[in-house]
């Protein structure tokens, strides 16, 4: 313990380190804020990894390893050695190229002490910074009489493009009973207080939403995600307990224009027109990042809101529909992803186009109701994942979409769009079973000792 503390002495990020974690020393590459490009890879190596990805990840196919980069981009020769900077203006795991595996968990605090909350966030921050660089939470244990301070599942595995993002829920500011446990009620954002109103096709489980704190771990290896959540849960012992958790087994969205658009469990490409990392800073500030003048106050600037929906997909019923009916409901060509008005995947849909006196794209199709051009130009950054959780008592797949959207203001960018799904033809084949809204905190700066310092300091 002492040698770790001495090694980190004198650096701002490692002062006041009650858990005794050593600083992260993993190598990271130059970045644009929190996202960066990995090392180089030849075309032959790229194709070889793509084939390996198809064998390894199954549901996600080659996209798990082939991060979708264009020729000439820098790509890690071994994607399991890819890492992203932990510190920056924004948290990692938002604009970072969407990884193939996800593990999200929400926590309820078991303390009313503000100091204990800060201590937990400091311990989590130190651990997360090390794990995202492929390092253990603490150096290898040699004391046979003490429990190891890292659970050890990923020894030698590498960072695997791991990102860990932290957020806060409404109940951190004010409980349902109106208790202000941590003196934060005055900072409760209005949209977080109101939450997501009830929507069509809902059968929500309240235990699958909410929570004081939320953590999302994404990587290219599910064991790396498990290791991250395992250790963060262990570190929280006595201070917070896990409320709910969700695994994702294949991304359904792209956060970069150089990533191929993946498919959902209905076999369609989705989210084509949503925010990408290559959008202009002005576009990202308008739709994604919380601004200092927003009602949250300057403490949240650089953060974003995370809106989640767990959506069960009635796959057995959908599978019996004709191809033409499936395409009419979605509004896109199933194979190519192009809008039914013509072109290719990224062509702008022509909602005025007609054939035989009828609109080519049904006005109640998913594309027609969800597209930004029919929603006053409002956009969101999608980062959803497929999930599969066995079968129900009739042998039907318990599977669907864990929808995740990051937006500057849910009342503007998310809730109005979601409300339109009551008229969406696709809604007949969906059931929303969990819902959540969280404020993802601003990034951890170079001099910060914990995530959320602007909120709690």
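A few notes on this one:
- Which listed residue, of 98, 160, 128, 105, is closer than 28 Å to residue 446 by Cβ, touching a helix residue (DSSP H, G or I) at 6+ places or on another chain (Cβ under 6 Å) and buried (at least 23 other Cβ atoms within 10 Å of the Cβ): 160
- Some residue of segment 371-383 being touching a residue at least 40 places away in the same chain (Cβ under 8 Å), under 21 Å from residue 103 (Cβ atoms) and loosely packed, with under 15 Cβ neighbours inside 10 Å: no
- Segment 180-198 - residue that is assigned to a helix (DSSP H, G or I) and more than 21 Å from the chain's Cα centre (by Cα) and, of those, surrounded by the fewest Cβ atoms within 10 Å (Cβ to Cβ): 186
- Among the residues of segment 371-383, those identified as in contact with a strand residue (DSSP E or B) (Cβ under 9 Å, 6 or more places away or on another chain) and part of a loop (DSSP other than H, G, I, E, B) are 371, 378, 379, 380, 383.
- Taken as a whole, the condition of being part of a helix (DSSP H, G or I) and in contact (Cβ under 8 Å) with a residue 12 or more places away in the chain applies to residue 125.
- Where residue 423 falls short, out of the listed (1) at pLDDT 95 or above; (2) farther than 24 Å from residue 255 by Cα; (3) surrounded by fewer than 22 Cβ atoms within 10 Å (Cβ to Cβ): (1)
- For segment 151-179, a residue qualifies if it is in contact (Cβ under 8 Å) with a residue 40 or more places away in the chain, closer than 22 Å to residue 243 by Cα and outside any helix (DSSP H, G or I), and the qualifying residues are 151, 163, 164, 165, 166, 167, 168, 169.
- Listed conditions (1) at pLDDT below 95; (2) outside any strand (DSSP E or B); (3) in contact with a strand residue (DSSP E or B) (Cβ under 8 Å, 6 or more places away or on another chain) are all met by residue 431, apart from (2).
- All conditions in (1) in a loop (DSSP other than H, G, I, E, B); (2) touching a helix residue (DSSP H, G or I) at 6+ places or on another chain (Cβ under 7 Å); (3) more than 30 Å from residue 124 (Cα to Cα) hold for residue 344, with the sole exception of (2).
- Residue check for residue 106: within 22 Å of the chain's Cα centre (by Cα), modelled with pLDDT of 95 or more and part of a helix (DSSP H, G or I): no
- Selection within segment 141-183 - in contact with a strand residue (DSSP E or B) (Cβ under 9 Å, 6 or more places away or on another chain) and over 22 Å from residue 85 (Cα atoms): 169, 170, 171, 172, 181, 182
- Residue tally, condition assigned to a loop (DSSP other than H, G, I, E, B) and surrounded by 11 or more Cβ atoms within 10 Å (Cβ to Cβ), over segment 199-209: 6
- Segment 384-398: number of residues that are in a loop (DSSP other than H, G, I, E, B) and either touching a helix residue (DSSP H, G or I) at 6+ places or on another chain (Cβ under 6 Å) or touching a residue at least 12 places away in the same chain (Cβ under 8 Å) (or both): 2
- Tabulated pairs, segment 409-433, first free of Cβ contacts under 8 Å to residues at least 60 places away in the same chain and on the phi < 0 side of the Ramachandran plot, second assigned to a helix (DSSP H, G or I) and crowded, with 19+ Cβ neighbours inside 10 Å, C-beta under 8 angstrom, 6+ apart or interchain: 417/370; 420/369; 420/370; 423/369
- Applying the criterion of at least 2 residues that are crowded, with 20+ Cβ neighbours inside 10 Å to the helices (runs of 4 or more DSSP H) found wholly in segment 232-330 leaves 281-287, 323-330.
- Scanning segment 339-359 for residues that are touching a strand residue (DSSP E or B) at 6+ places or on another chain (Cβ under 9 Å) and either free of Cβ contacts under 8 Å to residues at least 12 places away in the same chain or surrounded by fewer than 19 Cβ atoms within 10 Å (Cβ to Cβ) (or both) returns 345, 347, 348, 350, 352, 353.
The values are calculated or read from the model by the stated rules, or taken from the named source; none is laboratory data. Owing to the predicted nature of the structure, the values given are computational and were not obtained by experimental measurement. Here the Cβ is made from the backbone with ideal geometry for all residues, glycine too, and neighbour counts use every protein chain on show.
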